[in-house]
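Here the structure comes first, spelled out in C-alpha cells, and everything after it is commentary.
The values are calculated or read from the model by the stated rules, or taken from the named source; none is laboratory data. Since the structure is predicted, the reported quantities are computational estimates derived from the model, not experimental observations. Here Cβ is always computed from backbone atoms with ideal geometry, including for glycine, and neighbour counts include all displayed protein chains.
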C-alpha cells in the first residue's frame, strides 16, 4: 500500500471524537479490507509517483473518503443509529447524506486516476465470463 490511511483519519472525516475508541477495531479492519482494493483500481503510474506530493494527497483523500463513506454506511445499518426526528424545518439526529456525499466525492476524485477498463478485462476472475452472452437460468435460480 503506497498511501497511508489511519483510524484517526477516518474518525476525523466521520466526525467521531478522537478519544472514542468504540469503533477503532472496525475502522482498522475496514481500512485493511478496502484500501488495497481501491488502490488496485488506480493506475500504477499515478500511485507510484510518490515524488508528486499533490497527486498523492489527492489519491489519499479519495481513498479516505471512500473508506469513511463505507464506515458511515455500516453505522447506518446498526440498530438505533438511524433514528432522527424532524419537526417543521428542524431536524434532530444523524445527517445521512454525508456518507453518500463522501462516496460520490471519493469516486469523482479518483476517477481520472483509475486503470482503464481493458486492464480489468484481462485479469481473470474480475469480470464476468458471461458478460457478452445471454444469461442461462438453472432450475435453482428460477425458483
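In the stretch 45-56, which residue that is out of contact with any helix residue (DSSP H, G or I) (no Cβ under 8 Å at 6 or more places or on another chain) and touching a residue at least 40 places away in the same chain (Cβ under 8 Å) is surrounded by the fewest Cβ atoms within 10 Å (Cβ to Cβ)?
Result: 48.
Restricting attention to the stretch 1-39, and to residues there that are assigned to a helix (DSSP H, G or I) and touching a residue at least 40 places away in the same chain (Cβ under 8 Å), which single residue is surrounded by the fewest Cβ atoms within 10 Å (Cβ to Cβ)?
Residue satisfying both the conditions and the ranking: 26.
Look through 64, 59, 16, 42 and report the one residue that is at pLDDT 95 or above and out of contact with any helix residue (DSSP H, G or I) (no Cβ under 6 Å at 6 or more places or on another chain).
When all the criteria are applied, what remains is 59.
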